[in-house]
Amino acid sequence: MARPVARSLEGRLLASVVTPHSPKLVDPADVPLYARGIRAGAEALGAAVRALGPDLLVVESSHWASPFLWFVGADPQHRGVCRDPDASRTLDLPYDRPGDPPFAAALVDGLRGAGMPVSSTTDLAWDYGSAVPLHLIDPENRLPAVLVSTCLLGSLDDGLRLGRLVRQTAETLGRRAVFVASTAFAARMVRGPRAWSPEAALAVDQEFLRLVLNGDIAAAKAALPAYAEASGVEMGGRPLAAFLGALDETAERYRGERFGEYGAIAGSGHVSIAVLPQ
C-alpha cells in the first residue's frame with residue numbers, strides 16, 4: 001500500500017481502513033510504552049493512505065454517538081480545538097481542515113433515499129474519535145474530510161448500507177476517497193490503561209482480522225454479527241460494518257494490510273488495518 005498510485009479522474013474508494021483514536025496516541029513524546037506499537041501502526045497507515053493520493057477522507061467515529069439519526073458533517077472548513085470531556089487525559093488538539101459539502105449533501109441524499117433517518121450538520125465540534133485519527137493520518141490537515149456519526153439505533157445492516165453509500169457517492173461525484181472507521185476491536189470499559197480484554201475476545205478478534213486481511217470480505221460480513229457479540233466490539237461493531245460495507249467483494253478482489261502491533265489500551269484492542277483492491 002505504500003507505493004504511490006497515479007491520480008485518476010475516476011471516482012472510487014481507494015481503501016477502507018480501521019484505526020484507533022485513543023488520546024494517549026497524540027503526543028509522540030508522551031505515548032506510554034505499551035501503546036508505542038499502536039501509534040507506530042497508525043502513523044504507518046497514515047503514510048500509506050497519503051501515498052494513495054486521496055482527495056477525501058470519510059470518517060465514522062465511535063465517539064460521535066447519535067441516538068436516533070445519522071449525522072453527516074457538511075462544514076466547508078473544519079476549524080477548532082478538540083477538548084473532549086470524554087477523553088481519558090487532557091486533550092488540546094487543534095484542527096483546521098477543509099470539508100466537502102457537496103459530498104456530504106450527496107451522502108445525506110443517498111442515506112435518506114435508502115430509508116435511513118439522517119441529517120446534515122455544520123459548526124460541528126470534533127470529538128476525539130474524529131480528531132485523533134485524522135491527526136495521525138494527515139497531520140498537516142491537507143486532505144478534506146467528511147465526518148459521519150454512529151447511530152445507536154442503527155443496525156449492522158444499516159452500517160453495511162452506510163459504507164456502500166459512501167463508496168457509491170465517491171464513484172458518482174468523482175472522489176478518490178478513503179473510508180476511515182475510528183474504532184476499537186474487542187472493547188471493555190475497565191480501569192487501568194494496561195488492561196487487556198479477556199482471552200476469548202482476543203481470540204475472535206484474531207479470527208476476524210484473519211478474514212479481513214486475507215481479503216475474504218464476504219466471509220467477514222457474514223461473521224460480523226456473531227463476532228461483534230463475542231468480542232464486545234466498540235459500538236456493537238457499527239463502524240466496522242460501515243468499513244466492510246464500503247467494500248464490494250462482488251466486483252473487486254481485495255487484499256488487506258496490517259500496520260504495527262495489535263495492542264490494548266484500557267481493555268480495548270487496537271490495530272490499524274487497511275483493505276484495498278488488488
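Every number in this text was worked out from the coordinates using simple rules, so none of it is lab data. What you are looking at is a predicted structure, and each value in this text was computed from that prediction instead of being measured. Please note: Cβ atoms are built from the backbone with ideal geometry, for glycine as well, and neighbour counts cover all protein chains shown.
Annotations
- The charge dipole of segment 12-263, taken about its Cα centre with unit charges on the Cβ of Lys, Arg, Asp and Glu (plus for the first two, minus for the last two), comes to roughly 200 debye.
- Looking at the chain, the pairs of alpha carbons with a distance over 26 Å make up 35% of the total.
- Here's the picture: charge each Lys and Arg Cβ at +1 and each Asp and Glu Cβ at -1 in the chain, and of Phe71, Gly11, Ala131 the one pushed furthest to the positive end of that dipole is Gly11.
- Burial ordering of Lys221, Lys24, fewest other beta-carbon atoms within 10 Å first: Lys221, Lys24
- Around the Cα centre of segment 127-252, unit charges on the Cβ atoms of Lys, Arg, Asp and Glu (plus for the first two, minus for the last two) sum to a dipole of about 260 debye.
- Nearest-20 debye value, segment 108-176 charge dipole, Cβ charges on Lys, Arg, Asp, Glu: 260
- Ellipticity at 222 nm from helices only: DSSP H runs of n ≥ 4 in the chain, each -39500 (n - 2.57), divided by the residue count, give -11000 deg cm²/dmol.
- Segment 122-137 and segment 10-42 have Cα centres lying 13 Å from one another.
- Unit charges at the beta carbon, dipole of the chain: most positive-side option, Ala251, Ala230, Gly37: Gly37
- Karplus 3J(HN,Hα) series, Hz, for segment 39-52 with 6.51 cos²θ - 1.76 cosθ + 1.60 (x for Gly, Pro): 5, 4, x, 5, 5, 5, 4, x, 4, 5, 4, 4, 5, 6
- Neighbourhood net charge (14 Å Cβ-Cβ; Lys/Arg +1, Asp/Glu -1) for Glu60: +1
- Rounded to 5, percent antiparallel among DSSP beta bridges of the chain: 45
- Sequence of Ser155, Ser272, Ser66, Ser22 once ranked by neighbouring C-beta atoms within 10 Å, starting from the fewest: Ser155, Ser66, Ser22, Ser272
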